[in-house]
Amino acid sequence: MSGERNHGIEVEGLVRAFKDVRAVDGIDLRIEPGEIYGFLGPNGAGKSTTVHMLTTLLPPTAGRATVAGFDVAREGPKVRASIGAALQETALDPFLSGREHLRLQSSLHGIRGQTRKELIETLLARVGLTSAGDRKIRTYSGGMKRRLDLALALIHNPQILFLDEPTTGLDPQSRTALWEEVGRLARDEGVTVFLTTQYLEEADVLADRVGIIDHGKIVAEGTPARLKAEIGKATIEVVPEQNADRERLAALLGRFGEETAARPGAYAVQLDGHGKLPDVIRALDNEDVRAAEINLHQPTLDDVFLAKTGRTLEGAEDA
Amino acid sequence: MKTTLRQTWLIARRSIIRTFRQPGVFIPPLTFPLMLMAVNSNGLRAATHLPGFPTHSFLAFFLPFSFMQGALFASGIAGTDFARDIDTGFLNRLALTPIRGSALLLGQIGGALGIGAVQAVLYLSVGLAAGVRIHAGIAGAFVILILALLIAIGFGTLGLWIALRTGSGEGVQSQFPLLFFLLFISSMNLPRNLIEVRWFRDIATINPTSYLIEALRSLVIEGWNGQALGLGFGFTFALIAGSLLLATRQLKIRMART
Amino acid sequence: MKSRFDVAIALAYRQTTVLLKNPSIFLPPMLFPLMNLLAFAGGLSRLRHVPGFDFHGGYTAFTFVFVLLQSAAFGGVFAGFGIARDFERGFAKRLLVSAPHRGGILMGYALASLVRWAMIAIVLTIVGLLAGMQIGGSGIDIFGLYALGVIFNLVGLLWAAGVATRFRSVQAAPLMQTPVFIVLFLSPVYVPLHLLQGWIHAVARLNPFTFLVEAGRGLIEGRPTQVATAFGVAAALLVVASVWARTGLARAERAG
């Protein structure tokens, strides 16, 4: 059963301590087969340590985790046979070519002969590196390296894919191309994807579900839409036509929500509830406050992120 | 066993390919010892006039030193390259494949051996072309190559251990003067019985590298000397065993996969 | 004139601080001469019994002179690595843009190189004395020996600077040190010149470094010979190396 694509990732109370520091401090996760899970968090939050434990490169200090149905602490070789990983460092040899990397990696996985040859060509074509396959890695751009990294992770047809910050430092075009390929893998081939990222947009576009980690603990989890609805509030920003109206505008908007940061000359509040925009406009009209500009910002994962990991939240709690 | 051998070959091949694709890395270890050999064999020729000096050719006396130097360079290359693999995460990439730890180490050692082989053949050929006569004959020349390769394996493995311990190329480089220092305080320039400064003679006597040089040297200038060869091979095997043990233990710490 | 010295002193201060904070840059040029001194003085002293060996100040003093001058040259070359590194990292470019006097830049690097060599020379001298080095020469003689070292340090630096400014990459390091290494070892390293035989004797006789090392040995022994010639050769080397470095700097400037 375990070898089939009907197991995802299950984690219970996973801990990794380095001396006195608990880099990962008791996390629980459940990722379904074929799901794309986005793992968000600032630098040093514990993302990479979690990935290293789930990919068997680092033994956990406590807790339990199964990947593809195998225990990461006791069944390392079976876990490794089921997963592919593109880890944060672009760990490529500058003096070998793309094809040579794929040949080495596939041979170490025991793939040989004609099968290997065909597989290498298929993967190179899929990541758009066929013509660059014989060039040394030191001549590759950042995007090409990431694409080769992905091909290397896929060489033994894994059922679960770990991508540790796969698009860090890439230009928007390369980033979109990589997203498309990852989306296709999950959609068409049923590959489970565990993706860590610092880019909220990436998680928003790609992930079915998102987990936010901070100081080694998961502080929020859910679909991007639910998280945004739960935590983020829409913001309305109004620029008065006449500067003299500023005070009246502030009093008026204050009735609809809490003041928040705005551009110079503008005034903004986070709206208390949904569908308040018509009420605001009506009030502006009734009280004859003329607006030169009105902007409505829908909540983003950024707001969730800030709310869950930023100092502002902690500051509010202290208060 | 078959899998280990195949994996070892894959890693060794990669190690050799990458080395020979960096002329800046493999040319100096080939040329520098030859240069030193040319200069010192002439500059120190006067030493052959000392009473009790065992040969009339300082080149023959000095030739074995080149093998030692080559082994140290091979060690430096193997160590620096491996440290770079650790630093960049390439080791993690390998650790995620079904590779065995023993194959990884042996493959890296194979890389050092490949460089060592090219060096040893070159130094010996240049020595012979410059008129050195190997007193132990063709079989002796063969034993010289074997011993030189074993020494390269020993120091190469030591380089890997340093790489695993420090995890950085700079770390490996900064330890190198220490290994060269061992070579400098040995009997590399004069036979031990002709070293007149007592403390230096004592250090050269307890310095194992002296015996490696003396074993190689005995084949060139004396013929078959059982004691010198016994000590030379003995210390070489001890070096290999010791550094392999250290490297294996350190690899387990560095590659802590479950 | 004032600003030229300002540039030089500021740059020398920066180079020396960088050096002292990085043992990995600082230690190798210190360790190699020390290793040579110990290996030569300890391991080769019997060479003084070779028939015709006419230096009477002990083998440690004989070998000390070579190692001291070697450390001077390599101290300069290692400082040249720093220049190449500065070009690689863009620091030198900023310097070329902001410093009003190009001469000040070279002077700054030279000053830093001298400070570095001074530290090495002090350690070498202490170790030499501890190893029983005999000094037969007077204060003036010894001053002359170290003066030769200073000039040779500058020659080493300017040579390396010329290479560094032409290649502007640390990759050129072997090109900086290999020729210096060859010049040093194609001289009477282990025995006096007249005991060398064959091609190496012919080469060493023409090698400018031979004049320096032979004069240095005469100075430490207290029997100065060919001192004026040695200083003349050293000064000539300095002029040639300065031109080499200045043209290199101009070329780097043109390359932008």
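The values are calculated or read from the model by the stated rules, or taken from the named source; none is laboratory data. Computed from a predicted structure; not experimentally measured. Cβ coordinates were reconstructed from backbone atoms using ideal geometry, including for glycine residues, and neighbour counts include every protein chain displayed. When the accessible area is computed, the model is the full protein with side chains, heavy atoms only, and any ligands, DNA or RNA have been set aside. Shrake-Rupley method; radii C 1.70, N 1.55, O 1.52, S 1.80 Å.
Could you go through the stretch A:209-226 in sequence order and give the Karplus-derived ³J(HN,Hα) for each residue, using 6.51 cos²θ - 1.76 cosθ + 1.60 with θ = phi - 60°, rounded to whole Hz, and x for Gly and Pro?
Whole-Hz 3J(HN,Hα) from phi for the stretch A:209-226: 9, 10, x, 10, 10, 8, 6, x, 10, 7, 9, 7, 8, x, 6, x, 5, 5.
Across the protein assembly as shown, what fraction of all alpha-carbon pairs, as a whole percent, falls in each successive 20 Å bin from zero upward?
P(r) over the protein assembly as shown, rounded to whole percents: 13, 34, 30, 17, 5, 1.
Along the positive direction of the dipole of chain A (beta-carbon charges: Lys, Arg +1; Asp, Glu -1; about the Cα centre), which of A:142, A:270, A:215 reaches farthest?
Checking the options against the dipole of chain A, the answer is A:142.
In terms of Cα to Cα distance under 17 Å, which aspartates and glutamates are near enough to residue A:228, apart from those fewer than 8 places away along the same chain?
Straight-distance partners of residue A:228: A:201, A:202, A:204, A:208, A:272, A:302, A:303.
With θ taken as phi - 60° and the coefficients 6.51, -1.76 and 1.60, list the Karplus ³J(HN,Hα) couplings across the stretch B:7-18 in order, rounded to whole Hz; mark glycine and proline as x.
So the J values, rounded to whole Hz, are 5, 4, 4, 4, 5, 4, 4, 4, 4, 5, 4, 5.
Within 10 Å of each Cβ in peptide C:185-197, how many partner chain Cβ atoms are there on average? Round it to a whole number, please.
Average neighbour count from other chains, rounded to a whole number: 4.
Just counting partner chain Cβ atoms within 10 Å, what average do the residues of peptide B:20-28 show around their Cβ?
2
Using a probe of 1.4 angstrom, how much of the accessible area of the stretch A:39-104 is carbon and sulfur, in percent?
Carbon and sulfur atoms account for 51 percent of the accessible area of the stretch A:39-104.
Amide H neighbours of residue A:161 under 5 Å, counting only residues 5+ apart in sequence or on other chains, H built in-plane at 1.01 Å?
For residue A:161, the qualifying residues are A:84, A:192, A:193, A:194.
Using only DSSP helix segments of four residues or longer, with each worth -39500 (n - 2.57), what per-residue ellipticity at 222 nm results for chain C after dividing by its residue count and rounding to 500?
Numbers: 10 runs with 201 residues, N = 256.
So the helix-based figure for chain C works out to -27000 deg cm²/dmol.
For the stretch B:58-104, list whatever residues lose no less than 30 Å² of accessible surface once every protein chain is in place, relative to that chain by itself, with the probe at 1.4 Å.
Hits at the 30 Å² cut-off: B:88, B:90, B:92, B:93, B:96, B:97, B:98.
Find the lysine pairs in the stretch A:9-223 meeting two conditions, Cα atoms under 20 Å apart and a separation of 8 or more places or different chains, and report how many there are.
For the stretch A:9-223, the number of qualifying lysine pairs is 5.
Roughly how far apart, in whole Å, are the Cα centres of the stretch C:120-186 and the stretch C:56-107?
About 9 Å separates the Cα centre of the stretch C:120-186 from the one of the stretch C:56-107.
Report the accessible surface area buried between chains C and B, summing both sides, using a 1.4 Å probe on protein heavy atoms only, in Å² rounded to the nearest 100. Please list the in-between numbers first.
Values: alone 12010 and 12380 Å², together 21700 Å².
Its buried surface, counting both partners, is about 2700 Å².
Tabulate in residue order the Karplus-calculated ³J(HN,Hα) for the stretch C:80-85, using 6.51 cos²θ - 1.76 cosθ + 1.60 with θ = phi - 60°, rounded to whole Hz; enter x for Gly and Pro.
So the Karplus estimates, Gly and Pro as x, are x, 4, x, 5, 4, 5 Hz.
Hey, any idea what % of chain B's accessible area is carbon plus sulfur with a 1.4 Å probe?
Numbers: 6570 of 9680 Å².
The C+S portion of the solvent-accessible surface of chain B is 68 percent.
Residues of the stretch B:131-180 that become at least 50 Å² less accessible with every protein chain present than in their own chain isolated, using 1.4 Å: which are they?
Residues passing the criterion (a loss of at least 50 Å², heavy atoms only) are B:177.
Could you order C:201, A:215, A:101, B:135 so the one with the most accessible surface comes first? Probe is 1.4 Å. Don't skip to the end; give the middle numbers.
Numbers: C:201 55, A:215 120, A:101 5, B:135 90 Å².
So, going from the largest accessible area down, we get A:215, B:135, C:201, A:101.
So for the stretch A:9-223, considering every pair of alpha-carbon atoms, how many percent are separated by more than 23 Å? Mind dumping the intermediate values first?
Numbers: 10300 of 23005 pairs.
Here the long-distance tail beyond 23 Å is 45 percent of all Cα pairs in the stretch A:9-223.
For residue A:118, what accessible surface area do you get with a 1.4 Å probe? Give it in Å², rounded to 10.
For residue A:118, the solvent-accessible surface is approximately 110 Å².
What size of dipole, in debye to the nearest 20, comes out for the stretch A:9-223 about its Cα centre when the only charges are +1 on Lys and Arg C-beta atoms and -1 on Asp and Glu C-beta atoms? Each step should come with its number before you reach the end.
On the way: 26 positive and 29 negative charges, 176 e Å.
It comes to approximately 840 debye.
Enter the accessible area per residue of the protein assembly as shown (Å², integer; probe 1.4 Å; all protein chains in place).
42
Taking the full set of protein chains and a 1.4 angstrom probe, give the accessible area of residue A:228 in square angstrom, rounded to the nearest 10.
Counting only protein heavy atoms, residue A:228 exposes about 40 Å² to solvent.
Any idea how far the Cα center of the stretch A:127-186 sits from the one of the stretch C:193-252, in Å?
About 59 Å separates the Cα centre of the stretch A:127-186 from the one of the stretch C:193-252.
Can you give me the long-range amide H partners of residue A:210? Hydrogens built in the peptide plane at 1.01 Å from N, cutoff under 5 Å, separation of 5 or more residues or another chain.
A:38, A:222, A:223
How big is the B-A contact in terms of buried accessible area, both chains counted, 1.4 Å probe, rounded to the nearest 100 Å²? Kindly include the intermediate steps, with their values, before the conclusion.
Values: alone 12380 and 16070 Å², together 25850 Å².
The contact between A and B buries close to 2600 Å².
Pop out the Kirkwood hydrodynamic radius of chain B from its pairwise C-alpha distances, inverse of mean 1/r, in Å to one decimal.
After inverting the pairwise mean of 1/r, the radius is 18.8 Å.
Where in the stretch A:136-171 does accessible area fall by at least 20 Å² between the isolated chain and the complete protein assembly, at a 1.4 Å probe radius?
The answer is A:136.
Quick one: pull the percent of accessible area on the stretch A:134-274 belonging to carbon and sulfur, 1.4 Å probe, ligands and nucleic acids left out.
47
When the solvent-accessible surface of protein heavy atoms is calculated with a 1.4 angstrom probe, in what order do A:149, B:87, A:208 fall, highest first?
B:87, A:208, A:149
Could you let me know the centre-to-centre spacing of the stretch A:213-246 and the stretch B:15-34, using Cα atoms, in angstrom?
59
With both bridge residues required to lie in chain A, what share of the DSSP beta bridges run antiparallel, to the nearest 5%?
Once the DSSP bridges in chain A are tallied, antiparallel ones form about 65 percent.
Would you report the distance distribution of C-alpha pairs in chain C as whole percents per 10 angstrom bin, up to the bin with the largest distance?
Bins of 10 Å from zero give 7, 31, 34, 19, 8, 1, 0 percent of pairs.
Give me the extension gain from residue C:119 to residue C:93: residue separation times 0.36 nm, minus the current Cα-Cα distance, reported in nm with one decimal.
Taking 0.36 nm per residue and subtracting the Cα distance, the gain is 6.5 nm.
Taking the Cβ of residue B:220 as the center, what net charge do the other residues with Cβ under 15 Å away carry, scoring Lys and Arg +1 and Asp and Glu -1?
Values: positive: B:133, B:217; negative: B:214, B:222.
Around residue B:220, the surrounding residues sum to 0.
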